[in-house]
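This report refers to the structure that appears directly beneath it.
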Amino acid sequence: MKTKTQSGKRIPAEIKELVRDLHGNTYVEKMDVVSLCEYVSKKYHLELTLAQGNILLEKIKFSSPSRARKRILEVKIIRALDVDRDTSYLGEYSQRQSSRFSIDRAHSQDCASLAANSGPALSQLRRILKYVESLYNAEFEASNARYLVAGDENTDEVDSLTEACEVLTGLQEDVQDCDCGGDYCPRGEYRYFNPSSNYVTPAGEPRPGESEANVVKYTLQDYERMESLNNGNWSYIGIRAEAEIVLPYQVNKGCVRGHEVYAYLTQTLGSGGLWGIESDSERSYFEEVKGEELSQLKGSLRTLGFSARAIATAFKSVEEVEE
């Protein structure tokens, strides 16, 4: 089967197929006839005469408006490091302790000086001391009353309770004493890890509804998570979808119909992207994010006038790359 050029000459069907394949290829449009014939020979294993090469070049450069169409060259999912992520929701390193729940990095994690280890015993001692103090106050008043009424000067019970209070106060200090040597924080690093404002008030006390035990537990979990991040065990990433598209525009407007000349502008169209994703998240979550970004990109392509068929074809092979 043969077809006609714009000048009326018939050309082989295989050249017609080449025109369809090479249409919009700005690299080919810049070639001379000899270079084009060599290009076709290498890529398509088809030998053209110089006359056929001229016909092919004419058809590529002076195609009809129906052939000058926008195209989607490729679609990609891009994973990139999110290096500027705010991690204060986990807590913050500092040289200053902002709360009694702060982790002192100068000590080992099983050291008695850390609230996570001494906290339960300390809380119990405080409750006992509070109870003993109430007994002391009651006995002190009773002792004064006996003295005023009967001249009784016996203060043995008051003395015993006073001694008990002193012992309990000393035990609170002892239970928090360092037992690791206190030389664990690397040089040049912040000594303290202060808890997140999710758990403590600006004054460093538990927020309403949070128990001391929970603050200790969550702060330690966040600290271990932050240390894992700093050690490179995981990172924050962003995911976005991109499409490389070609848009034609006529450079000789007002010309005789059939002799239009088009140039082609290559652009990259992207989705909004989602950032701050933890790299060790569940695979199902990554797939969900990818689907949302691709869906957003499809909407943008439809807005530019790409057909549902063109979009579906381009999205059959989505490449995943890392930046």
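The values are calculated or read from the model by the stated rules, or taken from the named source; none is laboratory data. None of the values given here were measured: they were computed from a predicted structure. Glycine also receives a Cβ, built like all others from the backbone with ideal geometry; neighbour counts cover every protein chain displayed.
Some notes on this structure:
- Tallying residues that are closer than 19 Å to residue 261 by Cβ, in contact (Cβ under 8 Å) with a residue 24 or more places away in the chain and either in contact with a Ser or Thr (Cβ under 7 Å, 6 or more places away or on another chain) or in a helix (DSSP H, G or I) (or both) within the stretch 21-57 yields 9.
- Residue satisfying condition, being at pLDDT 90 or above, charged (D, E, K, R) and exposed (fewer than 15 other Cβ atoms within 10 Å of the Cβ), within set 82, 86: 86
For (1) surrounded by fewer than 15 Cβ atoms within 10 Å (Cβ to Cβ); (2) under 30 Å from the mean Cα position of the chain (by Cα); (3) in the same structural domain as residue 111 (by TED's automatic domain parsing), each residue gets a yes or a no:
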{"residue": "188", "(1), (2), (3)": "yes, yes, yes"}
{"residue": "192", "(1), (2), (3)": "no, yes, yes"}
{"residue": "200", "(1), (2), (3)": "no, yes, yes"}
{"residue": "259", "(1), (2), (3)": "yes, no, no"}
{"residue": "284", "(1), (2), (3)": "yes, yes, no"}
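- Filtered residues of the stretch 262-305 (kept if of a type in the set (S, T, N, Q) and either closer than 12 Å to residue 79 by Cα or out of contact with any strand residue (DSSP E or B) (no Cβ under 6 Å at 6 or more places or on another chain) (or both)): 279, 281, 284, 295, 296, 303
- Every test in (1) in a loop (DSSP other than H, G, I, E, B); (2) touching a Ser or Thr at 6+ places or on another chain (Cβ under 7 Å); (3) over 22 Å from residue 222 (Cβ atoms) is passed by residue 136 save one, and that test is (1).
- Residues (in contact with a strand residue (DSSP E or B) (Cβ under 7 Å, 6 or more places away or on another chain) and buried (at least 17 other Cβ atoms within 10 Å of the Cβ)) located in the stretch 94-118: 98, 99, 101, 102, 103, 104, 105, 113, 114
- Residue check for residue 153: in a helix (DSSP H, G or I), among the acidic types (Asp, Glu) and over 30 Å from residue 192 (Cβ atoms): no
- Filter result (over 30 Å from residue 314 (Cβ atoms) and at pLDDT 75 or above) within the stretch 246-262: 254, 255
- Selection status of residue 208, more than 30 Å from the chain's Cα centre (by Cα), in the same structural domain as residue 120 (by TED's automatic domain parsing), assigned to a loop (DSSP other than H, G, I, E, B) and not hydrophobic (A, V, I, L, M, F, W, C): yes
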